[in-house]
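All of the numbers you see were taken from the coordinates with simple rules; none came from a lab. Being a predicted model, the structure only gives us computed values, none of them experimental.
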Amino acid sequence: MEADPDRALVAALQGEDEEARERALGDLFDAHYERVVLVAYRVTRGWSDAEDVAQEVFLGVARGLQGFRGTASLRSWLYRVTVNRAIDHLRRRGRRPAVRLPSADLAQQPREEFGASPTSSPDPMERAASQDKAAAVRDALGALSPKLRAVLVLRYFEGLSYEELAEVLDCSMGTVKSRLFRAHGTFSEILERRGIHMDLEDPEDDA
């Protein structure tokens, strides 16, 4: 297992030195806030919801690292907490929002929507097609249940391995593969109804 790059932060956050804890919390926020917000957004499909979830996550961290066993990285633990808080947030709200961002906001996104980059082509027609594809992907993600949406987000946006997914989602490898299979099917079906084919074959499926 690779060394956790956040090990020093964890030690400080679990220590008795209040000043060191405050510094570590600030460093943790700087290092992981953007990632937490983006994962929360892709699960909740709303920026306001994502910011609420991120606030809950970091307030929880400030109160302590309850549930952090140290057997996985702090990054994996934050993924787990973020996904769980995002799903709980949606459950409390009793809805599954699918928010379409304006193109200006979409252009500022640091990650591509499953390979669709709306600003990479100088050709206006190609750029418009890419924007349509990205919008279709967001709509398809929004149509999934939060649990299925989360497994796709973590696998394809965050690049987690099956082993990491099992750790983050606190389930077996078999459950991870089952959720991915169901998510692939529903996601692809929705896109195909809009005339978009997207290959989501996973190299780990053959491992």
Gain upon complete extension [Leu59, Phe157; 0.36 nm per residue less C-alpha separation]: 32.8 nm
Contour minus Cα-Cα distance for Glu189 and Ala8 (0.36 nm per residue): 60.6 nm
